[in-house]
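Single-structure report; data block below.
Every number here is computed from the coordinates shown, using simple stated rules; none is lab data. For clarity, every value in this text was computed on a predicted model and none was experimentally measured. Every residue, glycine as well, gets a Cβ built from its backbone with ideal geometry; the counts of neighbours run over all protein chains shown.
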Amino acid sequence: MRLSVSVALSAACVAACMGDMGMMIPDVIEVPPSPGRFDTAAAVDLDPAPTVVEVALEARVASVELAPGHVTSMWTYDGALPGPRIEANVGDTVRVRFTNSLPEATTIHWHGVRVPAAMDGVAATQAPIAPGATFTYEFVVPDAGTFWFHPHVRSDVQVERGLYGTLVVRGPDEPATTTDRVVVLDDLLIADDWSIADTDTMQAMVGRQGNLILANGRAHPIALVTPGGLHRYRFVNAANARYFRLALPGHRLTVIGTDGGLVPAPREVDEVLLVPGQRADVLVVATGAAGEALEWQSLPYDRGHGTGDKPTATVFQQRNDDAAPVATPAVPATLATIAALPAATVQRELRLAESGGHHAPTFSINGETFPAITPLTARLGDLEDWSIVNTTGMDHPFHLHGFRFQLIAPAADVAWRDTINIPAGQTVVFRTRLEDHPGRWMFHCHILEHAERGMMGELEVAAP
Ligand SMILES: [Cu+2]
């Protein structure tokens, strides 16, 4: 008898599953809100030049306290989870002197940053950096926005173990807010001794979804806000597979930015769906009196194969501090000037497919399973429409390296993105201009188990 994945999941994992080592793996781990550090640590700029940001960065094993009294051995940048927050202004040169002190080879990919191909940290352009070796990444940051970095070698394992950090690039017209903070979202699948659990073939097929939700590397941390203030959250989804459907009960959220920076005008919404790899820039006004607390939640989302039957999860607590309420800054009516891309001259169709079931899952794009692929070829400067056709029974977050895009269908949207959800059985069309950077670029599903099992391809962009 062949059980569907969802039936098998719910039958086997109602309360807890047994891991390979006989360890119990709880279905959901909830902890009380914990005070202490919330914000990520800013990287130290070692170069005195005002337009150069130079950072020393080391990947290494470290013990991380995910919740009070619970320590897990993680793979980290500089011993921290998340790794440091690199701060730059548009047009700056960012130089990262990287040392790999991990037990295996790695690279750094600068997710969403339009870097030269040689700096993109992928196998096509860079040999993995061996244990003990160093590499210097250097590039100019052309766009304002919230970006992040992570390995592009065995990313399903290396990102899950904690290798991610952020790069915040500010432009000249940032809105005035009371706070401006990065919130990196993640989930870990851990055993009852708080060690990281192994990945089984079911998780490889569905995408590894964790039982412990982290905001800035902590389970259920507290973000202090001043009542009346206008608070800016730069959300990053660094999870291997979890879709975060963010909501703050009783509050409207004002979205001011997507992957590639500010949008033309603020948008009021009740919730924000953030798929793996994506960023969202969100404003909220802190209502209520001193000491009042609200829980940011992730609402259930069905991305296929029974993922929708998980309960609402608590992400972090937003608590009013004891300061006197401040006057609420106004949200600007206009934020960024973005021109809609003109009509494309090249049309492509990419079909996402899965095969092998949950015993030996493999994934493909246009019938090819990475690394056995033939790169697509393109001409530098061309405008292209990409139709991403999802033939599978689950959603896939599609990410293109090197270039940003605008959505064309099912709904046109003038905003810059580099990662977009392709719902199960549906087609999404985006438009991109292949500008500035010739070379070989990757595109892939950002459910990292899918990417590492073949749902990746390459685009060779040649100067005409
Ligand atoms: Cu996928």
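List of remarks:
- Over every Cα atom in the chain, the radius of gyration and the widest Cα-Cα span, Dmax, amount to 21.2, 67 Å.
- When the helices of the chain are scored as -39500 (n - 2.57) per DSSP H run of n ≥ 4 and the total is divided over every residue, the value at 222 nm lands at -1500 deg cm²/dmol.
- Summary of the geometry: the stretch 60-114 and the stretch 161-237, compared by the centres of their Cα atoms, lie 14 Å apart.
- Each label was represented as a point 7 Å from its Cα along the Cα-to-Cβ direction; for Thr334 and Glu174 these points are 2.2 nm apart.
- Extension gain, Val255 back to Leu46 (0.36 nm per residue minus Cα-Cα distance, nm): 71.9 nm
- Annotation for Thr391 and Ala327: the two label points, set 7 Å from Cα along the Cα-Cβ direction, are 6.1 nm apart.
- Dipole of the chain [Lys/Arg +1, Asp/Glu -1 at C-beta], most positive-end residue of Val115, Leu262, Ala409: Ala409
- Potential lengthening of the chain between Ile373 and Val414 amounts to 11.6 nm, from the contour at 0.36 nm per residue minus the alpha-carbon distance.
- Nearest-20 debye value, the stretch 299-374 charge dipole, Cβ charges on Lys, Arg, Asp, Glu: 120 debye
- Virtual spin-label span in nm between His359 and Ala56, 7 Å along Cα→Cβ: 5.3 nm
- In a simple Cβ point-charge model (Lys, Arg +1; Asp, Glu -1; nothing else charged), the chain has a dipole of about 420 debye relative to its Cα centre.
- Of the peptides 445-454, 109-118, the order by per-residue mean of other Cβ atoms within 10 Å, starting with the highest, comes out as 445-454, 109-118.
- The Cβ shell under 12 Å around Gln158 holds other residues with a net charge of -2, Lys and Arg each +1, Asp and Glu each -1.
- Computed over the chain: relative contact order in percent, which uses C-alpha pairs under 8 Å that are six or more apart: 14 percent
- A simple packing score, the average count of other Cβ atoms within 10 Å per residue, orders the peptides 304-310, 278-284 as 278-284, 304-310, with the highest score first.
- The calculated FRET efficiency for the pair Ala343 and Leu380, based on their C-beta separation and a Förster distance of 22 Å, comes to about 0.75.
- Placing a label point 7 Å from the Cα of Thr134 along the Cα-to-Cβ direction, the residues of the stretch 101-117 with a backbone N closer than 14 Å are 101.
- Positive end of the dipole of the chain (Cβ unit charges, origin at the Cα centre): among Val225, His358, Val52, the Cα lying farthest that way belongs to His358.
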